[in-house]
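What follows is calculated from the coordinates using simple rules that are stated; it is not laboratory data. Only a predicted model underlies this, so the values are computations on that prediction, with no experimental measurement involved. Cβ coordinates were reconstructed from backbone atoms using ideal geometry, including for glycine residues, and neighbour counts include every protein chain displayed.
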């Protein structure tokens, strides 16, 4: 594999990994796309240059190994489909929350709150057993509250 | 007979296309899907009988010989998995038809479901590493749609986690395929078996670990399990049941297949697998104990029980692998049954939170039985399938003197009992604290605890776990033969490339 291809794959993986670790869905989706490209470049680079295709015949040396290219094409088609689905999901998430941020897991918070020492709970607004909260109440309370606090009047509002 | 190997893949795809064309008529769609899945069960059973009698069968797609073309292979292990998967797919579809919600409100449900069925069968029957990637993608993409079918906020949130984690695993899979091809020049599994043995040690271990990571994410083993308990519970209950029953097992199947077939005996990461198995069992069951929601408790238990299957593999003996095969089959049946009952509990009680349910042993005694049978089977109480699977596993661990992991598995069984009894006590035994949040419509005689079409498949699965316990002898013998095939793949190799 040529150094150039290897370096390209490495660069794509690095940028993709950075973006996937962000909190915004749009960045995560772009990051996943870049990671996929990195893997595909790696795949194309995996072939041995100068090896003829399956059919017998001359021209060895002027050919590229076709198999990894076929595999990469398949992988590209699959990632095209899943990226479209992800974008639809992210759009639905934005419609429902007015926000592009990954939401927290509500159940994890319930379990975490149960583990707090009693004195922490006593001063809080809702000292009763967290399980008594209606499901829908906790559902969007946490995500939205934190968004408003951290990102006051951010881009999501202007976008509308 | 070789056509039986590809039909379980081709037929559901044709059925999916047909059911899109019949989108205007729900009864016609149902007829197509039930016919296809019923035929799937029959074909998988015939395939298992054939393979058990005459050894592995291979089909070269398009007539290209083995290392070049795409190969489909069925040996005893893959035929067993294909049969159990077909039975589960049929049972859960009947349940979905009976449930108000998921299946009735979406024109595309049947076609997506069939695509997933095709993906699962293809993953079990393929003999090509790249084709395994395509099958897993097929199955996962269908599951992305099914898991977010309702489009509710919680479904979108947890579905997003699920999709992103799965896609990262897919990217790693493509990278793995690139590295495998670059180092060996083939992606056919039978061909790889010989070529990987010739690689330098370091390269071979790197490939082995990367494979373990890729399939470990799909199978939810210890450090890579975190996505599962978050994403499964929010889907409609039949969808959760089928994902819980089958999708992680495809990961387990891929781990077992690649570790036994591709890598030479002396280089297998046995100790690593046993440590991971013990950690998976413990972390999963402790997570289950901490939760307060029926579906989430059950989801954490999936993680815990994946550990048992990996433990059987990690022993790398015939009896250990036989136990792993048996445990996988048992767990698919018992877990799908439990999730179906969980859906019925939610249907009858209006919630799946433990604090909001109670007194159902009086209001829905049938559900109590339907919960208790698979629950006790999962724990490993004697007449049920879980008992023979666990006995085989513990016996195999003792035979190879792996006492530490054996002790962990026994303790985890006890903790599993504790977490299931938590559900049992608060849902069934404790008095009903408040009137039900949304009283079920008793109009059409729901004395069974739910619609007939939902209760019957659940009862069939509960009956199946009893039957598997009673048929322990023949089933264990079959698993032993499957395990011998796995450890000595010469029949598999000659079937692919004679």
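Spatially, the stretch A:1-30 and the stretch B:148-185 are offset by 15 Å when compared through their Cα centroids. Note the angle between two axes, namely the Cα long axis of helix B:248-261 and the longest principal axis of the Cα atoms of chain B, as a number of degrees from 0 to 90, rounded to the nearest 10. With both axes taken from Cα atoms, the answer is about 20 degrees.
Summary of packing: across the peptides A:80-86, B:128-134, the per-residue average of other C-beta atoms within 10 Å ranks them, highest first, as B:128-134, A:80-86.
Rounded to 0.05, the FRET efficiency of the residue B:494 and residue B:351 pair, given R0 = 41 Å and the Cβ-Cβ distance, is 0.15.
Compared with the dominant Cα axis of chain B, that is its longest principal axis, helix B:76-98 is turned about 20°. Computed across the stretch A:1-49, the Kirkwood hydrodynamic radius from all distinct Cα-Cα pairs reaches 10.9 Å. A Förster distance of 30 Å, applied to the separation of the beta-carbon atoms of residue B:430 and residue B:104, puts the FRET efficiency at 0.35. The Rg/Rh ratio for the stretch B:298-442 is 1.07, where Rg is the radius of gyration of the alpha carbons and Rh is the Kirkwood radius. Within 10 Å of the Cβ of each residue in B:132-141, the mean number of Cβ atoms contributed by other protein chains is 2. Of the peptides B:159-167, B:116-124, A:87-95, B:477-485, the ranking by mean beta-carbon count within 10 Å, highest at the top, reads B:116-124, B:159-167, B:477-485, A:87-95. Per residue, the convex hull spanned by the Cα atoms of the stretch B:160-289 measures out at 105 cubic angstrom.
Three principal axis extents describe the C-alpha atoms of the stretch B:245-299; from largest down they are 45, 23, 6 Å.
Here the sum of -39500 (n - 2.57) over DSSP H runs of 4 or more residues, divided by the residues of chain B, equals -24500 deg cm²/dmol at 222 nm, to the nearest 500. Here the Debye sum runs over all C-alpha atoms of the stretch B:234-274 as equal scatterers in vacuum, and log10 of I(q)/I(0) at q = 0.31 Å⁻¹ comes out as -1.02. Legend: mean number of C-beta atoms from other chains within 10 angstrom of residue C-beta atoms, peptide B:175-188, equals 5. Over chain B, Cα pairs under 8 Å with separation of 6+ residues give a relative contact order of 17 percent. Taking the inverse of the mean 1/r over every pair of distinct Cα atoms in the stretch B:310-370 gives a Kirkwood hydrodynamic radius of 13.7 Å.
Entry note, the stretch B:148-213: relative contact order of 25 percent, from Cα contacts under 8 Å with a spacing of 6+ residues. Normalising the average separation of contacting C-alpha pairs (under 8 angstrom, six or more residues apart) by the number of residues puts the relative contact order of the stretch B:340-498 at 37 percent. Modelled label positions at residue B:275 and residue A:3, each set 7 Å beyond Cα in the direction of Cβ, lie 3.7 nm from each other.
Between helix B:201-219 and chain B there is an angle of about 20 degrees, using the helix long axis and the longest principal axis of the Cα atoms.
The fraction of all Cα pairs in the protein assembly as shown landing in successive 20 Å bins from 0 to the largest distance is 18, 54, 26, 2, 0, given as whole percents. Averaged over peptide B:145-157, the number of partner chain Cβ atoms lying within 10 Å of each residue's Cβ comes to 5. Hydrodynamic estimate: the Kirkwood radius of the stretch B:359-407 over Cα pairs, inserted into Stokes-Einstein at 10 °C and 1.306 mPa s, corresponds to D of 128 µm²/s. As an equivalent ellipsoid, chain B spans semi-axes of 35, 26, 20 angstrom, where each value is the square root of five times an eigenvalue of the C-alpha gyration tensor, largest first.
Projected onto their three principal axes, the Cα atoms of the stretch B:49-199 cover extents of 54, 38, 24 Å, largest first. Rg over Rh for the stretch B:349-433 works out to 1.12, both radii taken from alpha-carbon positions and Rh defined as the Kirkwood radius.
Annotation: the stretch B:1-61 has a Kirkwood hydrodynamic radius of 12.6 angstrom, from the mean reciprocal C-alpha pair distance.
Compactness ratio for the stretch B:254-371: Cα radius of gyration over 2.2 N^0.38 Å (N = residue count) comes to 1.32.
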